[in-house]
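Working notes, structure below.
Read-outs: derived from the displayed coordinates by stated rules, not from any lab. On a predicted model such as this, the values are computed, not experimentally measured, just so you know. Reconstructed Cβ throughout: ideal geometry from the backbone, glycine too, with neighbour counts over all protein chains shown.
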Amino acid sequence: MTPFVPFFFLVIVGAGTIGEISVSRAMKEIGEVHDFSPRNLISVFLRALRVPWMWLGVGLMACGFFALLLLLSFENVSFVVPVTAVSYAVGALGGKFLLGEKISRVRWLGVGLVCIGVTLVCIG
Amino acid sequence: MSSRQLKVKTLSLLVVMVLFGPMGDILLGKGMRRLGPVPGLQLSVLPNFLIRAFESGTVWLAISSLSVFFISYLLVLSWADFSFVQPSTSLGYGMVALLGYFVLGESISPTRWIGVLVICLGVFLVGQTPARTTELSASERQRANAIAATVSEIG
């Protein structure tokens, strides 16, 4: 299974991140929730089910979770979880190049440190 | 609610997050390691393996623990700034390594410990910067203008 480790990380980080973006897009379509009464929350939930982005997002996040389960069946938690922090780098790069967000110097420094840390965990 | 009470409430939920998130990961690892390595990625074995995973009590305990983390995360975000909450979660990476070492008895080399520390620092810095850098959307701009107009009317 060891040769598949990078593939598992790709699914955990890739499907997880795209899934979260899809879910947040679906929630934006529904609009801000002001009324937290159980009745309204049920209606928000039912409306969410009608947004295709929600299904895509939940499906992708489930794939990410399954990949995490499979990887944890043969790799240490103290290796797997820190490496998934690479999603912060993917998020920053995606934010910059796909969504046109401006990334500050401090954030790039943080992303750089995450990448160095992940490399150390991988070779350690 | 006084600002002191709000602070206590926020800090308590952050502690819950930093404990339950990593604990969920550790339990997930424990439950899955007990099943043994996944035998392959073929469709003939994968569904069966995942069903066995969901029959494990430890895996469900892990999912419950991760749910507690997630609900606290959503709750705290409903009043605290994302840029305050997110750096606090960076502690979780160190916590996972500590629990992995002490609870699961995983061996962690010095290089790996340093890597985990550097990751914590990096995640902390990522959260130190404004959560929003893009321009406001048209509807938000409209709402902001309306509020500004009301404020100047009152003034």
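If R0 is taken as 35 Å, the Cβ-Cβ distance between B:Arg34 and B:Leu74 corresponds to a FRET efficiency of 0.70. For the pair B:Glu153 and B:Ile114, label points projected 7 Å from Cα toward Cβ lie 6.3 nm apart.
Rounded to the nearest angstrom and listed largest first, the equivalent-ellipsoid semi-axes of chain A from its Cα gyration tensor are 31, 20, 12. Of all lysines in the structure, the ones whose alpha carbon falls short of 26 Å from that of A:Lys102, not counting any fewer than 8 places away in one chain, are A:Lys28.
With a simple spin-label model that places each label point 7 Å from the Cα along the Cα-to-Cβ direction, the separation between A:Asp35 and B:Lys7 comes to 3.7 nm. For chain B, the longest piece that avoids every one of the GluC sites (Glu not before Pro) found in DSSP loops with at most 13 other C-beta atoms within 10 Å covers B:56-134.
Among B:Asp25, B:Asp81, a tally of other beta-carbon atoms within 10 Å of each Cβ gives an order, fewest to most, of B:Asp81, B:Asp25.
Going by a ≥ b ≥ c, the root eigenvalues of the Cα gyration tensor, does segment A:77-124 fall in the rounded group (a/c under 1.5), the prolate group (a/b larger than b/c) or the oblate group? It comes out prolate by the Cα gyration axes. Candidate membrane-span-like segments in chain B, meaning DSSP H helices with Cα atoms spread over at least 27 Å of their own axis and a Kyte-Doolittle mean of 0.0 or above, are B:3-35, B:57-77, with no membrane implied. In whole percents, the pair-distance distribution calculated for chain B from its alpha-carbon pairs, binned every 5 Å from zero, is 2, 8, 11, 13, 14, 13, 12, 9, 6, 4, 3, 2, 1, 1, 0. The Cα atoms of the protein assembly as shown give a gyration tensor whose axes a ≥ b ≥ c have a/c of 1.5 or more with a/b greater than b/c, which makes the shape prolate.
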